[in-house]
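Peer 1: Here it is, the structure, as structure tokens.
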Amino acid sequence: MNKRKNMDGMAVRRMEVPNAVLLGQVKEAIREGHTVTINVKGYSMRPFLEHCRDKVRLAPFTDLKVGDAVLAEFSPDVYVLHRIMNIDGDTVRLMGDGNLSGMEVCRKADVVGMVTHYIRRGKTIPASDPRLQRYVRWWSKLLPVRRYLLYIYRINLKLSNWLK
């Protein structure tokens with residue numbers, strides 16, 4: 001458990017829960033029709049989502065399409081928040097924005113929820129935002145050079161953190 005101070009200067013405890021436990025509860029809440037906001041862990045969705053900085057709001061879905069970011073359980077108690085790259089019948093192929101190769105494969109029934117909002121530094125951006133959608137389409141097309149772009153992104157991130 002970590003202790004931090006909120007904006008009012010009051011001590012706030014932060015507790016980390018294993019993904020299998022937390023995301024199992026998230027899955028149940030979404031299946032009951034609720035929306036859930038979670039902190040992002042991991043680097044596989046760079047540059048759109050950053051580890052421990054960003055959050056996503058997940059909700060039930062009625063339709064899935066290529067480009068949607070979703071939370072999926074691709075094996076028991078193993079979850080991934082990645083983007084849909086391909087849908088073929090009941091089969092969904094997922095890949096992280098920060099990944100250079102490899103895709104997870106699951107069924108539509110294994111998709112837990114869809115990202116409806118990205119929350120970065122307190123600013124909420126709807127997943128349906130046309131500008132964001134344009135960036136996602138371009139990023140997908142840049143897969144052959146993504147390695148170099150991510151390298152530049154990481155250097156820029158380190159420099160900006162160093163200059164703070």
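The values are calculated or read from the model by the stated rules, or taken from the named source; none is laboratory data. Please read all numbers here as calculations on a predicted model, not as lab measurements. Cβ atoms come from the backbone with ideal geometry, glycine included; neighbour counts cover every protein chain shown. Note: areas computed on protein heavy atoms with side chains; ligands, DNA, RNA excluded. Shrake-Rupley method; radii C 1.70, N 1.55, O 1.52, S 1.80 Å.
Residue by residue, here is whether (1) among the aromatic types (F, W, Y); (2) open to solvent by 60 Å² or more (accessible area, probe 1.4 Å); (3) over 16 Å from G42 (Cα atoms) holds:
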position: L81; (1), (2), (3): no, no, no
position: I84; (1), (2), (3): no, no, yes
position: I87; (1), (2), (3): no, no, yes
position: R93; (1), (2), (3): no, yes, yes
position: G96; (1), (2), (3): no, no, no
position: S101; (1), (2), (3): no, yes, yes
position: K108; (1), (2), (3): no, yes, yes
position: V111; (1), (2), (3): no, no, yes
position: T116; (1), (2), (3): no, no, yes
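Peer 1: With the requirement that a residue be part of a loop (DSSP other than H, G, I, E, B) and either of a type in the set (D, E) or under 26 Å from W138 (Cα atoms) (or both), what does the stretch 59-85 give you? Don't jump to the end; show me each part of the working.
Peer 2: Here is the first cut: in the stretch 59-85, the residues part of a loop (DSSP other than H, G, I, E, B) are 60-68, 76-77.
Hits for the stretch 59-85 are F61, T62, D63, L64, K65, V66, G67, D68, D77.
Peer 1: Further question: Could you check the stretch 95-115 and list, in sequence order, the residues that are touching an Asp or Glu at 6+ places or on another chain (Cβ under 9 Å) and charged (D, E, K, R)?
Peer 2: The answer is R107, K108, D110.
Peer 1: Related question: Mind listing whichever residues of the stretch 31-44 are under 14 Å from T116 (Cβ atoms) and under 16 Å from the mean Cα position of the chain (by Cα)?
Peer 2: Scanning the stretch 31-44 gives T35, V36, T37, I38.
Peer 1: May I ask you to list the residues in the stretch 126-164 that are in a helix (DSSP H, G or I) and small (G, A, S)?
Peer 2: Initial filter on the stretch 126-164 (in a helix (DSSP H, G or I)): 130-141, 143-163.
If the condition is that a residue be in a helix (DSSP H, G or I) and small (G, A, S), then S140, S160 are the ones that fit.
Peer 1: Counting just the residues of the stretch 23-58 that are open to solvent by less than 60 Å² (accessible area, probe 1.4 Å) and part of a helix (DSSP H, G or I), which one comes out nearest to A127 (Cα to Cα)?
Peer 2: Across the stretch 23-58, the extreme among qualifying residues is I30.
Peer 1: Let me ask something additional. Please enumerate the residues belonging to the stretch 86-112 that are in a strand (DSSP E or B) and charged (D, E, K, R).
Peer 2: D88, R93, E104, R107
Peer 1: Would you check if D129 is open to solvent by 90 Å² or more (accessible area, probe 1.4 Å), out of contact with any Ser or Thr (no Cβ under 8 Å at 6 or more places or on another chain), modelled with pLDDT of 95 or more and not basic (K, R)?
Peer 2: no
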